[in-house]
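The values are calculated or read from the model by the stated rules, or taken from the named source; none is laboratory data. From a predicted model like this one, the values you see are computed outputs, not experimental measurements. Reconstructed Cβ throughout: ideal geometry from the backbone, glycine too, with neighbour counts over all protein chains shown. All accessible areas refer to the heavy atoms of the entire protein, side chains included, with ligands and DNA or RNA removed. Shrake-Rupley method; radii C 1.70, N 1.55, O 1.52, S 1.80 Å.
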Amino acid sequence: MQKLRQGDYAGAAASARKVINDTYPSETLRRVEAEALMTQGKYNEAYTALRNDTATDSTSIRLLLLLRQACLYTGKAREAQQALTDVKDILNILDTRQQNPPGQRPAVLLDDMGEASLLKIGAQKLDPKQLLQQYFMPGEQSTPPIRDAFLDAGQLGLDKHDYRLASKSFGDGLKAFPGDADMLAGLAAAFRPDDREKFADYAKQALAANPRHIPTLLMLADNLIDAESFDQARDALQKILAINPHEQNALALQAVIAYLHNQPDQGEAYRTQALSTWNKNPQVDYLIGRKLSENYRFELGAKFQHQALENDSDFTPAKVQLAQDLLRLGREDEGWKLAADAHQDDGYDVEAFNLVTLHDEISQYTTISKDNFNLCMEPTEARVYGARVLDLLNQARSVVPKKYGLDLSIPVLVEVFPNSADFSVRTFGMPDIGEFLGVTFGPVVTINSPSTHESNWEDVVWHEFTHVVTLTLTHNQMPRWLSEGISVYEEHQARPEWGQLMSADDCERILSGKMQPISSMSAAFLQAKTMRDTQFAYFESMLVVQYFNEKYGLDHVKALLQALGRGEGMNDALAQNFAPVTQLDEDFVKYAQEQAQKFAKGWTFHRPDQPGDDTPANLTGAAVAAPALVTAADPHDFYARMKQVTALMDHEEWAKARDQIKEINATGLYLPGEENLYLLLADVSTKLNDAAEEKSALTFVAEHEGDSLPAVSRLQEIAQKEKDWPAVARWSQAAVAIHPMGPIGWRGLLDASEQLHDNAHGIEAGLALLELQQQDLASLHYRVAKLMQPTDTAGARRQVLQALEEAPRFRDAYTLLAALPSSDISAPATPTADKTTASPTAPQP
């Protein structure tokens, strides 16, 4: 057993066989031999041994299940089915026996019965909770504990996408069996979807326990493919194939690499090789298709899921994945139907359940269409700002495709989710996966509603639509970093306040050498452990695109995308249109460092709250003292200077604090986000009653950052006090672009539009306010009616009648109604004047 767990598979098989021949052929020894042989791909030998074993012991569920597996890998489908039938007979006998009732059965037997139940043997369909409580928990709690019980419970969690259950089961198993490679690999798999750091740590521990552990090597190869580290992935797969040259999953991943390199003949050869043993195994096509879809090759991925279902029409994972693929391709009807079928087949698959539940929610949404865009939104949000989304999409369509030489005629579906969990399910199949504002699959875009976060939704829409363009141009054959880099770059090209500005953290990373070279840029996203890491991955990707445009020009960028669309490899396309990758890596580092030095303006940054940092970034090129020697008096250390500013503010020495801030700002340094000194300057100026300085500082912020709601809200307030109506309109529009489901921006826009005679925007704002608030409705209806009066008599009449419904004694509303052209709609009778209620200007309740 120890040899098997440590990876000496040949030694384990030989030792087990010797003991079987010399002493007693126990079930444990037979399992060790069979598992060791099958791990090496010696399926015929395993079949022969198991056939003999089960002939002498036909009551062992575990041995029969292993025999079934050996039969499948040796092309003996009928015998495999017979093995299942034999297991079913054993289960039926156990269920009908009066002696040895379920509560008195040995834990080992219960666990074996649970393992059989996972294959849907028997008439009773048990849910995961029943399986755990009835079959696996007794083994976990027995003395001594049953190792298989933890592994089976954990695998159940993985199969059902219940990663909490999986991590608990494997974690409990690791406590009972310290250093067990299978438990460690199970934990790695459980944490892989949402905690890459734990995934890497447990995978490393698993390989320390067993350097030849195939499940762990497969996960690592899978991960390396995601990072586009294909050479390293091939090395990991070769280690597996050296152990088992027939390992189906390893060969399937070899096929994935070939397909991603647009080598379909080689991909099909690997697939054929993978299926040369168990030729109807749906897992092979499912794995190939899933990995292709994870790399945005949804059409090809869907093809493989269809093939998987041809081999096994009940294979739920392929149904769920195909449903996801179809939904991402915009084939909504097919996708939702298949998700429902998958849920019908397995009511306990979490992804299928999530999709079916989401479909029920989305069915309540409103879909509005315009010029090849279909926009799906929650009804209230659609009424408030849906038209704005469509207008912005069409504006983006008039700019971005033309810039990149694309005639975009395909319909595009955009879905906006007011619930982040729903967005995550639609996008990833599971709730609470990462912190994404939007995701684009090609013709389908999913977006987190601005009601779920504080950022500029217009910027997000432009970013995601740019993905539609680049993915369409390349037929989804481009690395993530390039697509993200172009989208972030195009944000800033569209409007100066959009996009991602360099931060102190970005600057420090660049100048301290914490960058990914262009040749491995995709790893920046995969290896990100914190939100800062992810933000830097976006920024660095944008910086590469900026470098390409500045040094080589847009035509070369377009040629790069066209080359990728033809199926050329990334490195070849880079070399053909720019320079060899090694030279690009070197030149880009120099470019990025130059940009960082320009940004820093002679400052050094060292965060005092970051233990474990190396020396501070050298932002000037001169020698920098060690962190311990940096004092608050250092005039070039930003955070030391900020410590002085904070101290002055704490002591309410506002004038001195303002002078310090202005001295720093005078160097040209601009930090976005929480470290923005201009926001701090505005705050200090307020304390000093310096309205002009406050307004100037806030304007500078709003012109650089399109998502600073505090800045634009305060600017709107200042403009309203000054009755500067063009400024009110400007900052109200900016507020709506950040928080459209809040009334402040719309109210300011309504006020400004009335003063500026901008009826169209005034009507839009008034109607939005009517959706968003439940007070002052009569006045709002009246104001909208006034704005509609010149161009929409019917609409104006409808609004004024609604005003009168809210306030029957609203005199101005009657006056407006009388001024409208006659209609067959009868007006309500004018009430008798009442001095206490009749106001010439405002409605009365």
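Quick look at the values:
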item	result
Diffusion coefficient, µm² s⁻¹, Stokes-Einstein with Kirkwood Rh over alpha-carbon pairs of region 408-534 at 10 °C and 1.306 mPa s	101 µm²/s
Peptides 704-714, 792-802, 146-156 ordered by average Cβ neighbours within 10 Å, highest first	146-156, 704-714, 792-802
Relative contact order computed over region 133-248 (Cα-Cα under 8 Å; 6+ residues apart), in percent	15 percent
Cα convex hull volume per residue for region 388-448 (Å³)	89 Å³
Antiparallel DSSP beta bridges within the chain, percent to nearest 5	45 percent
As computed over region 663-760, the Cα convex hull volume per residue (Å³)	98 Å³
Cut-off 12 Å between beta-carbons: net charge of the residues surrounding GLU490, Lys and Arg +1, Asp and Glu -1	-2
Neighbour net charge for LEU574 - beta-carbon separation under 12 angstrom, K R +1, D E -1	-4
Length-normalised contact order of region 435-525 in % [C-alpha pairs under 8 Å, at least 6 apart]	21 percent
Surface/4 estimate of mean projected area, convex hull on alpha-carbon atoms of region 133-259, nm²	8.1 nm²
Bins of 5 Å, starting at 0 and running to the largest distance - Cα pair percent for region 261-348	3, 16, 24, 24, 18, 9, 5, 1
Sequence of GLU508, GLU27 from largest to smallest accessible area, 1.4 Å probe	GLU27, GLU508
With DNA, RNA and ligands ignored, accessible area of LYS656 (1.4 Å probe; Å², nearest 10)	120 Å²
Estimated FRET transfer efficiency (LYS601, ASN394; beta-carbon r; R0 45 Å; 0.05)	0.65
Computed over the chain: relative contact order in percent, which uses C-alpha pairs under 8 Å that are six or more apart	6 percent
Whole-percent pair-distance distribution, where bins are 10 Å wide, for the alpha carbons of the chain	2, 10, 17, 19, 17, 14, 10, 6, 3, 1, 0, 0
Folded to 0 to 90 degrees: helix 709-722 orientation relative to the chain principal axis, Cα	10 degrees
Alpha-carbon centroids, region 251-310 and region 772-793: separation in whole Å	59 Å
Helical mean residue ellipticity (222 nm; -39500 (n - 2.57) per DSSP H run of 4+; nearest 500) of the chain	-20000 deg cm²/dmol
Largest-first ellipsoid semi-axes for region 297-448, taking √(5λ) over the Cα gyration tensor eigenvalues, angstrom	28, 19, 12
Charge sum, other residues only, whose C-beta stays under 12 Å from THR272's C-beta, Lys/Arg counted +1 and Asp/Glu -1	-2
Surface accessible to a 1.4 Å probe, MET137 within the full protein complex, Å²	70 Å²
Heavy atoms of ARG17 accessible to a 1.4 Å probe, total area in Å² rounded to 10	70 Å²
Global geometry of region 787-826, whether rounded, prolate or oblate, following the gyration tensor of its Cα atoms and the 1.5 cut on a/c	prolate
Estimated vicinal HN-Hα couplings, Hz - region 130-147 in sequence order (Karplus 6.51, -1.76, 1.60; Gly, Pro = x)	5, 4, 4, 6, 7, 10, 8, 4, x, x, 5, 9, 6, 10, x, x, 8, 4
Percent accessible area from carbon and sulfur atoms, the chain, protein chains only, probe 1.4 Å	50 percent
Region 673-705 and region 402-469: distance between their alpha carbon centers, rounded to Å	32 Å
Heavy-atom surface of the chain, accessible at 1.4 Å and reported per residue (Å²)	44 Å²
Cα-based Rg of region 368-423 normalised by 2.2 N^0.38 Å, two decimals	1.24
Per-residue ³J(HN,Hα) for region 189-202, Karplus 6.51 cos²θ - 1.76 cosθ + 1.60, θ = phi - 60°, Hz, x for Gly and Pro	5, 5, 8, 4, x, 9, 8, 5, 5, 5, 4, 5, 5, 5
